[in-house]
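Visitor: Please see the structure below; I have some questions.
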Amino acid sequence: MSSDRWPLSSPRRADRFLLEQMAAGNREAWEELRERYSLALYAHVLPLLRDPRDADQVVAEVFAYAWCDAGRDDWSECESASTWLVGLARRVLFEHRQLDANGVAATVRPTAAATSRTRPIRSANDSSVSD
């Protein structure tokens with residue numbers, strides 16, 4: 001997807017527009033945000049996890065949460081999409097850092113919340129909805 005599809009004057013306004021579109025079910029907006037911020041989120045979580053596979057998994061889960069929760073989560077207070085996504089990353093990391101009964105950190109794995117929810121998908125050019 002080309003960035004010229006979202007013709008707004010500032011990155012913050014473009015982010016807000018993309019978040020609004022994603023909340024409305026526009027998968028192209030989600031893909032644009034994922035393209036913009038995946039690498040930055042990966043760089044944020046890799047030093048904390050120290051395992052590239054775990055970092056990849058957490059980033060994937062963050063974007064799964066973003067897709068599922070955009071219409072429910074309050075991102076309106078955030079300065080940018082990156083602020084909201086980093087908050088989601090912290091939430092995912094916290095969940096994965098919970099200690100099990102033996103005091104050993106739990107391994108990174110997709111949570112039921114991120115894997116069980118689905119949303120209708122809508123293209124920017126298509127008003128139909130599909131699962």
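The values are calculated or read from the model by the stated rules, or taken from the named source; none is laboratory data. Every value quoted in this text rests on a predicted model; they were computed, and no experiment measured them. Glycine gets a Cβ as well: all are built from the backbone with ideal geometry, and neighbour counts include every protein chain shown.
Visitor: Within the stretch 80-88, identify whether any single residue is outside any helix (DSSP H, G or I), within 22 Å of Glu35 (Cβ to Cβ), free of Cβ contacts under 8 Å to residues at least 40 places away in the same chain and of a type outside the set (Ser, Thr, Tyr), and answer yes or no. So that I can check it myself, show each step before the final result.
Guide: Restricting attention to the stretch 80-88, the residues satisfying the condition of being outside any helix (DSSP H, G or I) are 80.
Applying the additional criterion that residues be within 22 Å of Glu35 (Cβ to Cβ) yields 80.
With free of Cβ contacts under 8 Å to residues at least 40 places away in the same chain added as a condition, the list becomes none.
For the stretch 80-88, residues outside any helix (DSSP H, G or I), within 22 Å of Glu35 (Cβ to Cβ), free of Cβ contacts under 8 Å to residues at least 40 places away in the same chain and of a type outside the set (Ser, Thr, Tyr): absent.
Visitor: Let me ask something else about it. Give me a count of the residues in the stretch 19-51 that are under 17 Å from Trp75 (Cα atoms) and of a type in the set (Phe, Trp, Tyr).
Guide: 2
Visitor: With of a type outside the set (Lys, Arg), under 13 Å from the mean Cα position of the chain (by Cα) and either at pLDDT below 90 or surrounded by 16 or more Cβ atoms within 10 Å (Cβ to Cβ) (or both) as the only criterion, which of Glu32, Glu20, Glu79 stands out?
Guide: On the way: Glu20 fails: under 13 Å from the mean Cα position of the chain (by Cα); Glu79 fails: under 13 Å from the mean Cα position of the chain (by Cα).
Result: Glu32 is the single residue among Glu32, Glu20, Glu79 that is of a type outside the set (Lys, Arg), under 13 Å from the mean Cα position of the chain (by Cα) and either at pLDDT below 90 or surrounded by 16 or more Cβ atoms within 10 Å (Cβ to Cβ) (or both).
Visitor: Mind listing whichever residues of the stretch 16-50 are in a helix (DSSP H, G or I) and among the small types (Gly, Ala, Ser)?
Guide: Start the filter on the stretch 16-50 by keeping residues that are in a helix (DSSP H, G or I), which leaves 16-23, 27-49.
Result: Ala23, Ala29, Ser38, Ala40, Ala43.
Visitor: In the set Glu79, Glu61, which member is of a type in the set (Asp, Glu) and closer than 20 Å to Ala14 by Cα? Let's see the steps before the verdict.
Guide: Numbers: Glu61 fails: closer than 20 Å to Ala14 by Cα.
Going through Glu79, Glu61 in turn, the sole match is Glu79.
Visitor: Among the listed residues Arg72, Arg53, identify the single one that is part of a helix (DSSP H, G or I) and of a type outside the set (A, V, I, L, M). Explain how you work it out, then say what you get.
Guide: On the way: Arg72 fails: part of a helix (DSSP H, G or I).
Going through Arg72, Arg53 in turn, just one is part of a helix (DSSP H, G or I) and of a type outside the set (A, V, I, L, M): Arg53.
Visitor: If you don't mind, another one. Cβ-Cβ distance below 7 Å, separation of 6 or more or different chains: which pairs start in the stretch 19-33 with a residue that is farther than 14 Å from Leu85 by Cβ and end on one that is surrounded by fewer than 24 Cβ atoms within 10 Å (Cβ to Cβ) and of a type in the set (Val, Ile, Thr)?
Guide: Gly25/Ile121; Gly25/Val129; Arg27/Ile121
Visitor: Further question on the same structure: On the given criteria, is Pro11 surrounded by fewer than 16 Cβ atoms within 10 Å (Cβ to Cβ) and modelled with pLDDT of 90 or more? First the steps, then the outcome.
Guide: Working: surrounded by fewer than 16 Cβ atoms within 10 Å (Cβ to Cβ): yes; modelled with pLDDT of 90 or more: no.
Against the criterion (surrounded by fewer than 16 Cβ atoms within 10 Å (Cβ to Cβ) and modelled with pLDDT of 90 or more), Pro11 does not qualify.
Visitor: While we're here: Hey, could you check the stretch 49-68 for residues that are crowded, with 20+ Cβ neighbours inside 10 Å and either over 18 Å from Glu35 (Cα atoms) or β-branched (Val, Ile, Thr) (or both) and say which is farthest from the chain's Cα centre (by Cα)?
Guide: Among them, the one singled out is Val58.
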